[in-house]
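A.B. asks: Take this structure, written in structure tokens, and hold onto it; I'll ask about it next.
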Amino acid sequence: MLVNTVINDRICYVEMQDAEHLNCLSEDMCNELIDALKYGYSNECVGIVIKAQTRRGVWSAGHDIHELPQDGRDPLSFYVPMEQLLRKIQDTPIPVIACVNGTVWGGACDLCLSCDMIVSSKNATFSITPAKIGIPYNASGILHFINQLGMNKAREMFFLGRPITADDALNVGLINHVAEEDYLDHMLEEHFLNPLRRNSILSISAIKRQFRILSRASTVISAENFERINAYRSRVFKSDDYKEGINSFLEKRQPQYKGKASDLD
């Protein structure tokens, strides 16, 4: 089992426990997380908390690089398990909270942003890293970051792939609250979970559904622009640079990219 799920006082605690593999979001991990979300909701919990056992200070290293296709298929298509997990978090009718006590990389950063709230320890960092390994991120994911962080900070995170600190993440609205590591669980219980237990889950659920509908309404793109975006992305994940990004990561070396921006023209 890659995920441990426990219900206590109407809260479902979901803990990633594949620390040996840095809690990579493999197909199996994503499917177990989806099952855990379904379990928490079906058992009438008022909230779900996603946590992680850590190794080398890593909360999750993001998408499992070993599972990225190199045969011209879209690595972030609608039906890949990680994309299904992100949608499941967003569509679960009760609040989902990410409780972070380490570094968050790549797709795991999108997982956190898909949650309704994020609390973290002061030593946490957040980075979105598709440019480091040559992955063309998808439109829904980029829009998600823009809506959460604003255009400028989203550009910074995507273009540079550089981790931002918990304090910086708090300042730009990526996370809700920062605490000392020893105080994180107490803060989560007192300031987030206890109010959830006291408030009307019927009201909260209706409000969450409205947030979801309204956020989607503000991100509608035309069919022409959707096709244009997919054409840009397709040229990237079918390119030699995409394969070089994956292989250099697996071989633990710096990538040697040869593609040019004009290749997308």
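The values are calculated or read from the model by the stated rules, or taken from the named source; none is laboratory data. Remember, predicted model here, so these are calculated numbers, not experimental data. Note: ideal-geometry Cβ built from the backbone for every residue, glycine included; neighbour counts use all protein chains shown.
A.B. asks: Report yes if some residue within the range 40-49 is of a type in the set (S, T, N, Q) and surrounded by 15 or more Cβ atoms within 10 Å (Cβ to Cβ); otherwise report no.
C.D. replies: No, the range 40-49 contains no residue that is of a type in the set (S, T, N, Q) and surrounded by 15 or more Cβ atoms within 10 Å (Cβ to Cβ).
A.B. asks: While we're on this one: Can you name every residue in the range 114-144 that is touching an Asp or Glu at 6+ places or on another chain (Cβ under 7 Å) and basic (Lys, Arg)?
C.D. replies: The answer is Lys122, and nothing else.
A.B. asks: Follow-up. Of all residues being of a type in the set (D, E, K, R) and surrounded by 12 or more Cβ atoms within 10 Å (Cβ to Cβ) in the range 197-220, which is modelled with the lowest pLDDT? Just the residue, please.
C.D. replies: Filtering the range 197-220 for residues that are of a type in the set (D, E, K, R) and surrounded by 12 or more Cβ atoms within 10 Å (Cβ to Cβ), the one modelled with the lowest pLDDT comes out as Arg216.
A.B. asks: Could you list, in sequence order, all residues of the range 4-39 that are within 15 Å of Thr92 (Cβ to Cβ), within 17 Å of the chain's Cα centre (by Cα) and not in a helix (DSSP H, G or I)?
C.D. replies: Of everything in the range 4-39, just one residue is within 15 Å of Thr92 (Cβ to Cβ), within 17 Å of the chain's Cα centre (by Cα) and not in a helix (DSSP H, G or I), namely Val14.
A.B. asks: Which ranges mark the helices (runs of 4 or more DSSP H) fully within the range 154-265 that have 1 or more residues being small (Gly, Ala, Ser)?
C.D. replies: 166-171, 201-217, 223-237, 240-250
A.B. asks: Oh, and also: Mind checking which residues of the range 54-75 are of a type in the set (Gly, Ala, Ser) and either surrounded by fewer than 20 Cβ atoms within 10 Å (Cβ to Cβ) or more than 16 Å from Pro163 (Cβ to Cβ) (or both)?
C.D. replies: Correct list: Gly57, Gly72.
A.B. asks: Given the criteria buried (at least 21 other Cβ atoms within 10 Å of the Cβ) and β-branched (Val, Ile, Thr), does Ile34 qualify?
C.D. replies: The answer is no for Ile34.
A.B. asks: Okay, moving on. Could you look through the range 151-196, keep only residues that are under 18 Å from Lys122 (Cα atoms) and among the aromatic types (Phe, Trp, Tyr), and pick out the one that is surrounded by the most Cβ atoms within 10 Å (Cβ to Cβ)?
C.D. replies: Phe192
A.B. asks: Do you know which residues across the range 76-121 are touching a His at 6+ places or on another chain (Cβ under 6 Å) and either surrounded by fewer than 21 Cβ atoms within 10 Å (Cβ to Cβ) or in a strand (DSSP E or B) (or both)?
C.D. replies: Val119
A.B. asks: Sticking with this structure for a sec: Here is a check on your reading of the model: is Ala124 buried (at least 19 other Cβ atoms within 10 Å of the Cβ) and under 22 Å from His21 (Cβ atoms)?
C.D. replies: yes
A.B. asks: Under 7 Å between Cβ atoms, which residue pairs at least 6 apart in sequence (or on different chains) link something in the range 132-145 that is at negative phi with a partner that is surrounded by fewer than 19 Cβ atoms within 10 Å (Cβ to Cβ) and small (Gly, Ala, Ser)?
C.D. replies: Close Cβ pairs satisfying both conditions: Lys132/Gly161.
A.B. asks: Related question: Would you check which residues across the range 96-125 are farther than 19 Å from Ser140 by Cα and either in contact with a Ser or Thr (Cβ under 9 Å, 6 or more places away or on another chain) or free of Cβ contacts under 8 Å to residues at least 40 places away in the same chain (or both) and list them?
C.D. replies: Matches in the range 96-125: Val96, Ala98, Cys99, Val100, Asn101, Gly102, Thr103, Val104, Lys122, Asn123, Ala124, Thr125.
A.B. asks: So, one more: Select from the range 63-75 the residues that are acidic (Asp, Glu) and not in a helix (DSSP H, G or I) and write down the one among them that is nearest to Lys243 (Cα to Cα).
C.D. replies: Per the stated criteria, the residue is Asp71.
A.B. asks: Tell me which residues, restricted to the range 222-260, are farther than 18 Å from Thr129 by Cα and of a type in the set (A, V, I, L, M).
C.D. replies: Ala223, Ile229, Ala231
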